[in-house]
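Structure, as structure tokens:
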Amino acid sequence: QVNLVESGGGSVQAGGSLRLSCVVSGTISSINDMGWYRQAPGKQREVAARISGGGNTIYSDAVRDRFSIARDSANNAIYLQMDSLKPEDTGVYYCHAFIRRTRWDDGSVFWGQGTQVTVSS
């Protein structure tokens, strides 16, 4: 069984910072892309930031220059440092990972349960 557990969400005022963490546990062979997606109330889930196994990063236009994604491959973890937060950053943030459970596995996408981020003006 594979689990993705997020932590670090909370409530802050605009301009504040939060740091999200996601740790993958379970029997796995390898993890390729990992990332953070978010879903605002009444809206579709969208990507915020992604990081490849090689460390290449991609950010959405909405968060570029304010958010920073990092990866700790030794501990199967990723982090999202969120600075200069805005009310429009409010939503549930989900950790995402493409995981091969065995060396023969084609791989599957796994999601965490989500962590709430609320930014007040």
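The values are calculated or read from the model by the stated rules, or taken from the named source; none is laboratory data. What you see is a predicted model; the values in this text were computed from it and never measured. Positions of Cβ are generated from backbone atoms using ideal geometry, with glycine treated the same way; all protein chains shown enter the neighbour counts. Side chains are part of the model used for accessible areas, which takes the heavy atoms of the whole protein and leaves out ligands, DNA and RNA. Shrake-Rupley method; radii C 1.70, N 1.55, O 1.52, S 1.80 Å.
Quick one: accessible area per residue over the chain, 1.4 Å probe, rounded to a whole number of Å²? Before the final figure, lay out each step's value.
Working: 6460 Å² over 121 residues.
I get 53 Å² per residue for the chain.
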* Work out how much length N3 to A74 would gain on full extension: take 0.36 nm times their residue separation and subtract the Cα-Cα distance, in nm to one decimal. => 23.9 nm
* Structure fact -> Projected onto their principal axes, the Cα atoms of the chain stretch, largest extent first, over whole-Å spans of 49, 25, 23
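Restrict the search to the stretch 6-56; then list the trypsin sites (Lys or Arg not before Pro) that DSSP places in a loop and that have at most 11 other Cβ atoms within 10 Å of their Cβ.
In loop regions of the stretch 6-56 (DSSP not H, G, I, E or B), the sparsely surrounded trypsin sites (Lys or Arg not before Pro) are K43.
Rounding to the nearest 20 debye, state how big the charge dipole of the chain is about its Cα centre with +1 on each Lys and Arg Cβ and -1 on each Asp and Glu Cβ.
Working: 12 positive and 11 negative charges, 23 e Å.
Charge dipole of the chain: 120 debye, to the nearest 20.
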* Could you calculate the contour length gain from S29 to D105, that is, 0.36 nm times the residue separation minus the distance between their Cα atoms, to one decimal place in nm? => 26.5 nm
* Asked: What number, in percent, do you get for the relative contact order of the chain if the mean sequence gap of Cα pairs under 8 Å and at least 6 apart is divided by its residue count?
  -> 35 percent
